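Report on one structure; see the data block that follows.
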Amino acid sequence: MGRIPYRYLPSQLTLPTATPNAGSNEQAARTSLILRPMDFKLELIPVPVADLDRALRFYVDQVGFHLDHDVRPSATVRVAQLTPPGSACSIVLATGLAGLVMPAGSLRGLHLVVDDIARARAELAGRGVGVADVVTMGGLHYAGFQDPDGNTWTLQQLPPRPMPPPAV
C-alpha cells in the first residue's frame, strides 16, 4: 500500500473489504482509503484535594463512586482513581505528581448527568452530602454540592430526548 501521510494514525484509517473479482485487492485498498474522525474521549479528570484519605471517604462512602485503584508507586506518590456509577469518565486524586498540582478545592462545576435529579439528590443527601435545592433553567434541572475541599459539582438532569422517527 502507498505511503500514508504522517498526520494520520492507524486508528483513523478504515480499509474497505475486498470484493471478489474486483481486481487487485491492493489497488482497491489504495484507491478507496477512507478517513474517519479521531475519537477524543474524556476519561480522567484530576480533582485537587488537600487530604487524599478524607477525599476518598467522601467520594466512595458518601457520593458512591467506585474505587478503581489506590496505588503508591513510590514513597512520595499516591494515585487513586474513582468512577461515578454508570460513567465512562473517572476522577483521579493524587499526591506527589507535579503535573497534577492545583490548589485544593479549585475545581469548579464538574457535572454529573442523572436521569432523575430528585432521586439522585435524595441519595446523596441520605449519605450526608450537602446538596443544594434543585434549580430549573431553560428546561434543565441542576443541584450543586461540594467536596470537603470546596471542589464544586453539579447534578444535571437533561430533558427527555425525542424519539427518532421509525425506519422506513
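Values quoted throughout were computed directly from the atomic coordinates according to the rules given, and no laboratory measurement underlies them. A quick note: this is a predicted structure, and the numbers were derived from the prediction, not measured. Reconstructed Cβ throughout: ideal geometry from the backbone, glycine too, with neighbour counts over all protein chains shown.
Things worth noting here:
- Taking amide H as placed 1.01 Å from N in the peptide plane, the amide H of His141 sits under 5 Å from that of Gln157, each at least 5 places away or on another chain.
- DSSP beta bridges in the range 44-157 [antiparallel fraction, %, rounded to 5]: 75
- Note on the range 44-157: Cα Rg divided by 2.2 N^0.38 Å, N the number of residues, gives 1.08.
- Each label was represented as a point 7 Å from its Cα along the Cα-to-Cβ direction; for Asp53 and Val77 these points are 2.3 nm apart.
- About the centre of its Cα atoms, the range 28-168 shows a dipole size close to 420 debye [charges on the beta carbon of Lys, Arg (+1) and Asp, Glu (-1) only; nearest 20 debye].
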